[in-house]
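The values are calculated or read from the model by the stated rules, or taken from the named source; none is laboratory data. If you're wondering where the values come from, they're calculated on a predicted model, not measured in any experiment. So basically every Cβ, Gly included, is an ideal-geometry build from the backbone, and we count neighbours across all protein chains shown. Quick note on the areas: whole protein, heavy atoms, side chains included, nothing else; ligands and nucleic acids left out. Shrake-Rupley method; radii C 1.70, N 1.55, O 1.52, S 1.80 Å.
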Amino acid sequence: MALRPLKNILVLSFGILVLYIAYMGLMTLQSSLNHDEGLGVASLSVMYGSHTLSSMFLPAILMKKLGFKWTIASCMVCYISFTLGNFYPSWPTMITTSILLGIGGAPLWAAKSAYITAMGNKCAEIAGKSAKDVVNQYFGIFFFIVQTCRIWGNLISSLIFNLTPDAGESLDALNHSICGAGHCPMELLKSENITGPRPSRDVLYTLLGAYTGCGIIAILLISIFLDKVNSQKEEAAQENSQSVCSMFFATFKQLTDKRQCLLIPLTIFSGLEQGFITGDYTRDYVTCAIGIRMVGFAIISFGVPNAICAAVFGKLAEYTGRISLFILGALIHIGCVIGLLLWTPHADQIVLFFVFSGVWGIADAVWQTQVTSLYGVLFEENKEAAFANFSLWESVGFVIAFGYSNVLCVYMKLYILLCVVVLGIIMYAVVEYMEYVKTSAPVKEAPKETETPEA
């Protein structure tokens, strides 16, 4: 009986892993593969823009109407459309499929978070454990499995790209001074073929065919093997279903909670830093200095420590508490940003490309596991609206990151990251203080009746 929640966590994790093998592999390559007129990062910005709008109302509506399982399965179809759009990358196809993916991404991510929280609470109830610890552990298992998508997705692309012998040249083999923090994409958009030779059409079709197959397998896994959540609370919620209008405002009503508002900067930073590593770092450091062929391997070095640390941090938080992990993540990212500001990348320093992405992956594991589980613990009674807000504000970070990708120089983006992570960790500390005051406040006892002296 106690194994069934864990079984469902594993099915959910592997289903989204297979889906994200294709999604993350393509997202990592967009800024380098579809660089003409900034199409790649523009499509990513549009994707997360529609993701933001979708977060405002769709997650609560779909989860109430379809349930967690079928919300996840139906939204996976939108991811496949993005892969199909890359078979013929143009402004109409990429923008349309990016919008579809963004619409489906918010409900999928909110539903999986709510599902994991429900499974964690169910297991805690069966085993007599703390719900907070079990939920934290389940998020750790989930992210340990899912974060390996960067390994498999980019390994597939790197191996397939090696079928094209000349697809590994750097952006500017003669002048590496334009790479790194000094790189200004706006000045180079007018240049032709700035990402080096493109892989052949046959190689691209092979890659996209493999990614499409991954999406289909993911839908089958969730549809066949994932159990529906049938708790008494959810059955009661189905009987007392809210109107579409009230569910639309559920996400905004969540903002009346001060803790939710204080967590917004850190949630936005989660999107900003992921947008930087997948869009700017891959193009302005890796592709620029050592070629598009190495992008996959650089992101693999991000994915391996990211996946391992996701599992470790999920369990470690039970012993160290989440505060120390949040501080660790902030310090690592601050150190990485300063290092990237000072470093001028060159092909002779190839190890550093993997070191920076690997250390960045360790810090990202903190935000992916701890911020998500924090939402589940703080807002357990309103988890649909809470996770919709998480999805909303993280997608805002992605929109900002991809939106200014072709406009700002790299050093400006790094300064923005530095400011937001500092602000985010300070406001997170306020949330922890509020929780400490709330839990440590003494319970007021009823005043004792004083005996009146007899006359």
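So how do Cys261, Cys309 rank on accessible area, 1.4 Å probe, biggest first, that is with the largest at the start? Please list the in-between numbers first.
Working: Cys261 55, Cys309 20 Å².
Of Cys261, Cys309, the descending order of accessible area is Cys261, Cys309.
Rank these by accessible area, largest first, 1.4 Å probe: Leu328, Leu220.
Numbers: Leu328 70, Leu220 95 Å².
Listed by decreasing accessible area, they come as Leu220, Leu328.
Over the heavy atoms of Leu418, what accessible area does a 1.4 Å probe trace out, to the nearest 10 Å²?
40
Positive end of the dipole of the chain, charges at C-beta (+1 Lys, Arg; -1 Asp, Glu), about the Cα centre: which of Gly105, Ala365, Ile9 has its Cα farthest in that direction?
Ile9
Using 7 Å Cα-to-Cβ label points, what is the Ser90/Cys409 separation (nm, one decimal)?
So the label points at Ser90 and Cys409 sit 3.7 nm apart.
As I understand it, the value is the acute angle between the Cα axis of helix 322-342 and the longest principal axis of the Cα atoms of the chain; what does it come to in degrees, rounded to 10?
20
Residues of the range 114-141 with amide nitrogen under 11 Å from the 7 Å Cα-to-Cβ point of Thr439?
Inside the label zone: 132-133.
Leaving out ligands, DNA and RNA but keeping every protein chain, what accessible area does Met427 have, in Å² rounded to the nearest 10, with a 1.4 Å probe?
Approximately 50 Å² for this residue.
Quick one: ranking Phe225, Phe387 by accessible area, 1.4 Å probe, largest first, what do you get? Mind dumping the intermediate values first?
Working: Phe225 105, Phe387 5 Å².
Largest accessible area first, the list is Phe225, Phe387.
Report the one residue of Pro185, Leu414, Ser395 whose Cα lies farthest in the direction of the positive end of the charge dipole of the chain (charges on C-beta: Lys and Arg +1, Asp and Glu -1; origin at the Cα centre).
Ser395
According to the square roots a ≥ b ≥ c of the eigenvalues of the Cα gyration tensor, what is the shape class of the range 288-336, taking rounded for a/c under 1.5, prolate for a/b larger than b/c otherwise, and oblate for the remainder?
Working: a/c = 6.84, a/b = 2.06, b/c = 3.32.
Oblate is the answer for the range 288-336, as a/c is 1.5 or above yet b/c matches or exceeds a/b.
Quick check on the range 289-439: take the gyration tensor over C-alpha atoms, sort the square-rooted eigenvalues as a ≥ b ≥ c, and tell me if it's rounded (a/c under 1.5), prolate or oblate. All intermediate terms of the calculation are to be shown ahead of the outcome.
On the way: a/c = 1.99, a/b = 1.67, b/c = 1.19.
Note, shape of the range 289-439 comes out prolate.
Could you size up the charge dipole of the range 304-411 around its Cα centre, putting +1 on the beta carbon of Lys and Arg and -1 on that of Asp and Glu, and report it in debye to the nearest 20? Present the calculation step by step, with values, prior to reporting the outcome.
On the way: 3 positive and 7 negative charges, 30 e Å.
Computed about the Cα centre, the dipole is about 140 debye.
Could you pull the accessible area for Thr344 with a 1.4 Å probe, rounded to 10 Å²?
The accessible area comes out at roughly 80 Å².
How tilted is helix 295-320 with respect to the longest principal axis of the chain? Cα atoms for both, answer in degrees (0 to 90, nearest 10).
Result, in degrees: 20.
Within the chain, which is the longest segment containing none of the GluC sites (Glu not before Pro) that sit in a DSSP loop and have at most 10 other Cβ atoms within 10 Å? Could you put the intermediate results ahead of the total?
On the way: sites that count: Glu192, Glu445, Glu449, Glu451, Glu454.
Result for the longest clean stretch: 193-444.
Label-point separation (nm) for Ile350 and Glu381, each offset 7 Å from Cα along Cα-to-Cβ?
About 5.8 nm separates the two model spin labels.
Is the range 10-169 rounded, prolate or oblate when judged by the Cα gyration tensor, a ≥ b ≥ c being the square roots of its eigenvalues, rounded requiring a/c under 1.5 and prolate requiring a/b larger than b/c?
Working: a/c = 2.95, a/b = 1.62, b/c = 1.82.
Judged from the Cα gyration tensor, the range 10-169 comes out oblate (a/c at least 1.5, b/c at or above a/b).
Report the charge-dipole magnitude of the chain in Debye, nearest 20, computed about the Cα centre from +1 at each Lys and Arg Cβ and -1 at each Asp and Glu Cβ.
Dipole size: approximately 660 debye.
Determine the share of the chain's accessible area contributed by carbon and sulfur atoms, expressed in whole percent, with a 1.4 angstrom probe.
On the way: 12600 of 18950 Å².
C and S atoms contribute 66 percent here.
For the chain, what is Rg from Cα atoms divided by 2.2 N^0.38 Å, rounded to two decimals? Write down the numbers at each step before the final one.
Working: Rg = 23.0 Å, N = 455, 2.2 N^0.38 = 22.5 Å.
Relative to the rule-of-thumb radius for its length, the chain sits at 1.02.
Out of the range 1-104, which chymotrypsin sites (Phe, Trp or Tyr not before Pro) are coil in DSSP terms and have no more than 14 other C-beta atoms within 10 Å?
Details: sites: Phe14, Tyr20, Tyr23, Tyr48, Phe57, Phe68, Trp70, Tyr79, Phe82, Phe87; in loops: Phe87.
Answer in residue order: Phe87.
Please compute the modelled spin-label separation between Ile323 and Leu10, points set 7 Å along Cα→Cβ, answer in nm with one decimal.
3.7
So who's got an amide H within less than 5 Å of the one on His183, skipping anything under 5 residues away but keeping other chains? H placed 1.01 Å off N, in plane.
Sorted by chain and number, the residues that satisfy this are Val410, Tyr411.
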